[in-house]
Amino acid sequence: MKQPMRLEELFKEGHLAHITPDRALADKESAEGDLDLQGAAKAIDDEDFKWATIKAYYSMFHNAKAILFLIGIKERAHFAIGLVLEDLARKGKLESRFADYFRAGLSLRERADYHYAYSKESAKELLEMAEEFAKRMRKLAKDMK
């Protein structure tokens, strides 16, 4: 069985980079996440389920990037964010379901964007995950002060 990639490998391979922690940049990412969350909800109302799926994922992406900026990490690959979230869960700083939500969001976004596979049900489910994800990332950011 293949072992999961470790964060050190992600840094070595260039998928992640160390940066100076940056609260201002984290706040900008969080604000983008909020805009995308609103956009996803509007797209559901408009019955544009492909766009709702994409926007809900990007809400999660930006909210997760905010946390990375607070801990001094810049991502260069979307999948690497999920591995950072898993690492935070292993360290007891985050419930593991949020890493699962992120991975599910990434998969649903890729299916919608590249394979034109999406549905009302999956868009609504992802929006619910993105809403919970945003709340949890805000709490995590607050706890990091």
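The values are calculated or read from the model by the stated rules, or taken from the named source; none is laboratory data. Fair warning: this is a prediction, and the values are worked out from it, not measured in the lab. Cβ atoms come from the backbone with ideal geometry, glycine included; neighbour counts cover every protein chain shown.
Filter the helices (runs of 4 or more DSSP H) completely within the stretch 42-145 down to those with at least 2 residues that are within 29 Å of K12 (Cβ to Cβ), free of Cβ contacts under 8 Å to residues at least 60 places away in the same chain and not charged (D, E, K, R).
Counting at least 2 such residues, we get 49-71, 78-90, 96-115.
Out of the stretch 21-41, which residues are without any contact (Cβ under 8 Å) to a residue 60 or more places away in the chain, assigned to a helix (DSSP H, G or I) and more than 16 Å from E128 (Cα to Cα)?
Matches in the stretch 21-41: R23, A24, L25, D27, K28, E29, A31, E32.
Has the stretch 9-31 got any residue that is small (G, A, S) and buried (at least 17 other Cβ atoms within 10 Å of the Cβ)?
yes
Determine whether I73 is in contact with a Lys or Arg (Cβ under 7 Å, 6 or more places away or on another chain) and at pLDDT 95 or above.
no
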